[in-house]
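Note sheet for the following structure.
The values are calculated or read from the model by the stated rules, or taken from the named source; none is laboratory data. This is a predicted model, so every value here is computed, not measured. All Cβ positions, glycine included, derive from the backbone under ideal geometry; neighbour counts span all protein chains shown. Remember, those area values only see protein heavy atoms, side chains included, never the ligands or the DNA or RNA. Shrake-Rupley method; radii C 1.70, N 1.55, O 1.52, S 1.80 Å.
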Amino acid sequence: MRLNLRQLFVQLPLPLKKQAINGAGWLVNRRRYGKFFHAYQQQFREGKGLKGEEMRALITRVAQNHPYFREFSIDSFDDIPIVTKSDIMSHHDKFLINKSLVFEKATTSGTTGQRFEFSLTKEMLQKQYAGAWFFREIHGLYREEPQANFFGRSLFDINQTQPPFWLFSKPTNQLLFSELHLTRERAPLYLEQLHNYGVRWFHGFPSFVSLFASFIAEQGLIPEAQSLNLKGITLSSENLLKNQRRIIEEVFGCRVINFYSQGEGVADIYQDSDGLLKVNENYSYVEFIPNGDGLFRIVGTQLDNKCMPFIRYDTGDLAELEEDPREGVAPKIKSIMGRKSEFLVLKNGRKVGRLGHIFHKSHHIREAQIVQTEPGKALFLINPTDMFSPTDQQGFEYEIRRKLGDDFDFEIRLVDAIQRTASGKLKLVESSLIQTTG
């Protein structure tokens, strides 16, 4: 069997693996942090860029000359059809408008597991990282200081039982941890390495960082965690639930900073210094389209990816706003609700979202997932802490009933772990009804 580079890396002996991670770090710096990165970073700091009607006018002109959109009658911005991942996959050649500018091919699967490949220019790749570091710098987090990243991808063989389960990249000042090897027993080792490398802040998925925090709390290591004096913890790529934020803040005693973006680069929404979610309007043009259930679809336009611009692209994600959006007024975002697929279907066919509310009062659950294969019925997988009691289960059952009604059938199953995706994410809802229910 032919191995790819990632599989070869996993099999390298540790000394060569350390050399390889430093080589990869050097390459990462060269690809991500060039002239475009610095130019965009300065632009974001100064708040420069087209906005509002000027941006809508530019998007309209680009769409009128775009191979896909010019087949429609477009006289104004509102005439531009909203497109989805499926539209782009079905008409890929019309969306890839300049192959000579392709610098990198990216793939994403979202929560549906549907593989989606698209192309990025070097300028766009560096713009994405400028957006990420712009929001981090608002909170005083810098590339030059030691940081950690909890990696969903494989760094070591899954059967490895002895440490290390981490690597340090000198060029990027990053301590890279393997998510796949974290257990309750190994959590103190991970915590010890954060101390040993003088980590000032770290980044990860909400589900993983909250699991790590739970392990620390269960073993009475909160004082050791708080003695790190972390400047902050940044989270992205999954919905951040209230119970997850609570346990992370209680254990590490620092700010939990949420950030929303996607590989397609059509919307950056970050938590500002006041804790409010805010759209980076200098990064892309973002719309909030009513979804019919009090939530809003996040639709974005990114023109700076000149090989494959995304115009009025439906991310498949939903936002909860304090009020209906108005043109020219920055929206007040309460939360990013995540994928449209994160719904349960009742027996009458109605879909219920905002399912994270079920877990908000759960103090003794490390992680959870809802599995649905037929309407009106679901399996709740719960990875409990040692403190989980019959009273906790009764309270959990009450929240399910309160959210889904007495006519919803469910089973609660206690498990030792919950399977993640290949990239290390934990899907709140695993549903086979996504495609059939729209």
remark   = Non-local residues with an amide H under 5 Å from the amide H of Leu176, with H modelled 1.01 Å from N and Pro and chain starts lacking one, are Asn149, Leu167, Phe168, Ser169
request  = For Asn159 and Val102, calculate 0.36 nm times their separation in residues minus their Cα-Cα distance, and state this gained length in nm to one decimal.
outcome  = 16.8 nm
remark   = With label points set 7 Å from each Cα along the Cα-to-Cβ direction at Lys18 and Val329, the distance between them in nm comes to 5.9 nm
task = Would you mind telling me which residue in Asn159, Asn239, Asn173 has the biggest mean-square fluctuation in a Gaussian network model of the chain, where springs connect alpha carbons within a distance under 10 angstrom?
result = Asn159
key: Dipole of the range 1-53, positive end: most advanced residue of Ala24, Gln7, Tyr40 [Cβ charges, Cα centre]   = Gln7
note = Measuring from its Cα centre, the range 71-213 shows a charge dipole (+1 at each Lys and Arg Cβ, -1 at each Asp and Glu Cβ) which, in debye to the nearest 20, is 520 debye
ask   = Near Lys351, which lysines are there with a Cα under 30 Å away, not counting those fewer than 8 places off in the same chain?
value = Lys85, Lys242, Lys278, Lys332, Lys334, Lys340, Lys361, Lys377, Lys403, Lys425, Lys427
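Per DSSP H run of n ≥ 4, the term is -39500 (n - 2.57); total these for the chain, divide by its residue number, and report the mean residue ellipticity at 222 nm rounded to 500 deg cm²/dmol. Spell out each step's value before the answer.
Values: 13 runs with 136 residues, N = 438.
So the helix-based figure for the chain works out to -9500 deg cm²/dmol.
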note = Expressed per residue, the solvent accessible area of the range 3-50 in Å² (1.4 Å probe) is about 68 Å²
task = Convert 20 °C to kelvin, take the viscosity as 1.002 mPa s, use the Kirkwood radius over C-alpha pairs of the chain as Rh, and evaluate the Stokes-Einstein diffusion coefficient in µm²/s, rounded to a whole number.
result = 92 µm²/s
request  = State the percentage of accessible surface on the range 18-91 attributable to carbon and sulfur atoms; use a 1.4 Å probe and exclude ligands, DNA and RNA.
outcome  = 50 percent
message = Between Pro384, Pro67, Pro13, where does the largest GNM mean-square fluctuation fall for the chain, given springs only between Cα atoms within less than 10 Å?
response = Pro13
request  = Give me the number: length gained by fully extending Leu50 to Glu374, i.e. 0.36 nm times residue separation minus the C-alpha to C-alpha distance, one decimal in nm.
outcome  = 111.9 nm
remark   = Across Trp133, Trp26, Trp166, the residue with the highest GNM fluctuation in the chain (Cα network, 10 Å cutoff) is Trp26
ask   = So, in nm, how far is label Gln64 from label Ser389 when the simple model puts each one 7 Å beyond its Cα toward the Cβ?
value = 6.9 nm
Portion, in percent, of the accessible area of the range 130-267 that falls on carbon or sulfur, probe 1.4 Å = 48 percent
In Hz, Karplus ³J(HN,Hα) per residue of the range 54-62 (6.51, -1.76, 1.60; θ = phi - 60°; x = Gly, Pro) = 4, 5, 4, 5, 5, 4, 4, 5, 5
message = Under 5 Å between amide hydrogens, which residues at least 5 positions from Val415 or on another chain qualify, with H placed 1.01 Å from N in the peptide plane?
response = Ile382, Asn383
